[in-house]
1. Using the Cα centre as the reference, give the magnitude of the dipole from point charges on the C-beta atoms of segment 55-155 (Lys, Arg: +1; Asp, Glu: -1; all else neutral), rounded to the nearest 20 debye.
2. If amide H atoms are built 1.01 Å from N in the plane of the peptide, which residues on other chains or at least 5 residues away come under 5 Å of the amide H of Gln289?
3. Which of the lysines could be linked to Lys160 by a straight reach, that is with a Cα gap under 29 Å, when you skip same-chain ones fewer than 8 residues away?
4. Out of residues 5 or more away from Glu139 or on other chains, whose amide H comes under 5 Å of its own, with H placed 1.01 Å from N in the peptide plane?
5. Taking the Cα centre of the chain as origin, work out the dipole magnitude from +1 charges on Lys and Arg Cβ and -1 charges on Asp and Glu Cβ, in debye rounded to 20.
6. In nm, give the distance between the simple-model label positions of Glu86 and Glu293, each being 7 Å from the Cα along the Cα-to-Cβ direction.
7. Note the full-extension length gain between Ser227 and Leu313 as 0.36 nm times their separation in residues minus their Cα-Cα distance, in nm to one decimal.
8. Which entries in Lys63/Lys296; Lys63/Lys208; Lys108/Lys263 show an alpha-carbon gap greater than 24 Å?
Amino acid sequence: MNRICHLFGIKYPIIQGGMVWCSGWRLASAVSNAGGLGLLGAGSMHPETLREHIRKCKAATDKPFGVNVPLMYPEIETLMQIIAEEEVKIVFTSAGNPKIWTEWLHNKGIIVAHVVSSTRFAAKCEEAGVDAIVAEGFEAGGHNGKEETTTLCLIPAVRKSCTLPLIAAGGIATGEGILAARSLGADGVQIGTRFALTEESSASFAFKDRCLRLNEGDTILTLKQLSPTRLVKNDFYKHIEEAEKRGASVDELRDLLGRGRAKLGIFEGDLFEGELEIGQAASMIKHLQPVSEVMKELVEDYNTALRRIQDELNWN
């Protein structure tokens, strides 16, 4: 039992990222049932939709699960009240100041982890009293930090700067990747892209199929003037690229982004005009699998890689 397993009451220190339009109750419960920690992605849910997913997740698993909450969510107070009413025990917060909600959540008996992209924000998390930190490198899909620090550089820096249980995220999709993150000082990992491309993910088949055919370099970090976001290169991305090249204002970019662009791409499967958020690790994933198989592979490949390194060290 390491610190992450002990904190969340799980078998393996593997957390499924709470991704918009991917992380519904089917995915979260499947990951939890397989020994990891499943997270519901509240960022794409209306408050009552979240309540429904929490209840369905409880019916589908007796294992721990949690909710990921972007702190800039427009109805944040209503969302947090539902989480408390439904007695969710674990909340991962992101995209905001952890000081605002951590004490309130702790008073409700809820464990809090917060997602950061730099050592500066990790320090603020420690000051805020969170229970764990997720340090996410810019290889990750969706919204990223402006620093563009890779996971390989970020994890040891955060480990050196704080004492809290540390979860590595960004570009991790294999057992070997988990071992690498652990060797850099992480107590556990958060995996998004690998779980987004599973049978239980609520993303559309068209989105999954497109992502399973991606090669290196087919995603890019863009929208840096608004909120850096890693996307698949498609027609929508080309519109963004053209606008940025001609010096479009922030307001123009917001108008171009519009509303519901991520839902259009990820959930509804518009591969041309939708916002297709996925991480660089997608280029390593070629088959659609159930969560149970993915978790089995992650654990087995981690152990195989660990034994190989141990054997090499013994041989030397």
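The values are calculated or read from the model by the stated rules, or taken from the named source; none is laboratory data. Nothing here was measured: the structure is a model prediction, and the numbers come from that model. Don't worry about glycine lacking a Cβ; one is built from the backbone with ideal geometry, like all the others, and counts go over all protein chains shown. Accessible surface areas use protein heavy atoms only, side chains included; no ligands, DNA or RNA. Shrake-Rupley method; radii C 1.70, N 1.55, O 1.52, S 1.80 Å.
1. Numbers: 10 positive and 14 negative charges, 36 e Å.
Charge dipole, segment 55-155, about its Cα centre: 180 debye, nearest 20.
2. It is Glu199, by chain and number.
3. Lys11, Lys89, Lys99, Lys124, Lys146, Lys224
4. Thr151
5. Numbers: 35 positive and 41 negative charges, 92 e Å.
Here the chain has a charge dipole of around 440 debye.
6. Each label point lies 7 Å from its Cα, and together they span 2.9 nm.
7. Working: separation 86, 0.36 × 86 = 30.96 nm, distance 4.38 nm.
That works out to 26.6 nm of additional length.
8. Working: Lys63/Lys296 17 Å; Lys63/Lys208 27 Å; Lys108/Lys263 32 Å.
Beyond 24 Å between Cα atoms: Lys63/Lys208; Lys108/Lys263.
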